[in-house]
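The values are calculated or read from the model by the stated rules, or taken from the named source; none is laboratory data. It should be emphasised that the depicted structure is a prediction, and the values quoted were computed from it without experimental measurement. Neighbour counts run over all protein chains shown; Cβ positions are idealised from the backbone, glycine included.
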């Protein structure tokens, strides 16, 4: 398979487990499906924060976690993969959790939330790395949720500090 070829799902594309698990096909895109899944999470997260609330985004992340757990379990019954790469609903749910404190009007909140989640999802600090070694649909969903919790804490610590640090840096540079 070429790096520019779409992946083939284990179940028909129209199957609910495939639609939810691949987040409507985002996980079938070539190269870095987790990143595609995280990117695909952003528009709906923005809509929920801009026209709803952080509580709505949090509840949606929890409900999507549960739906993703079902979809992943069903999908995994049709594949030999421990953590099928095309399953990205875990990234979507976790990315939403990471963005709960984001301001929909501040562009760098979105960039920071995306970057922090991808960093912790790839690095998989404990206990995410332990969970990642398990072979279950719950583990597929949970390791990303743990990474999201790390990212959320980092986000909450960095956001208040970043504007003053930029202001000091600009003052030192004389801008």
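With respect to the stated conditions, residue 49 is part of a helix (DSSP H, G or I), modelled with pLDDT of 95 or more, surrounded by fewer than 24 Cβ atoms within 10 Å (Cβ to Cβ) and in contact with a helix residue (DSSP H, G or I) (Cβ under 7 Å, 6 or more places away or on another chain).
If I ask for residues that are buried (at least 18 other Cβ atoms within 10 Å of the Cβ) and modelled with pLDDT of 85 or more, which ones from segment 6-21 would you list? The answer is 18, 20, 21.
Each residue in segment 22-46 was checked for being surrounded by 14 or more Cβ atoms within 10 Å (Cβ to Cβ) and assigned to a helix (DSSP H, G or I), and 16 pass.
Pairing each residue of segment 161-175 that is closer than 20 Å to residue 112 by Cα with any residue that is not in a loop (DSSP other than H, G, I, E, B), provided the two are 6+ apart or on different chains, yields C-beta distances under 8 Å for 162/108; 162/112.
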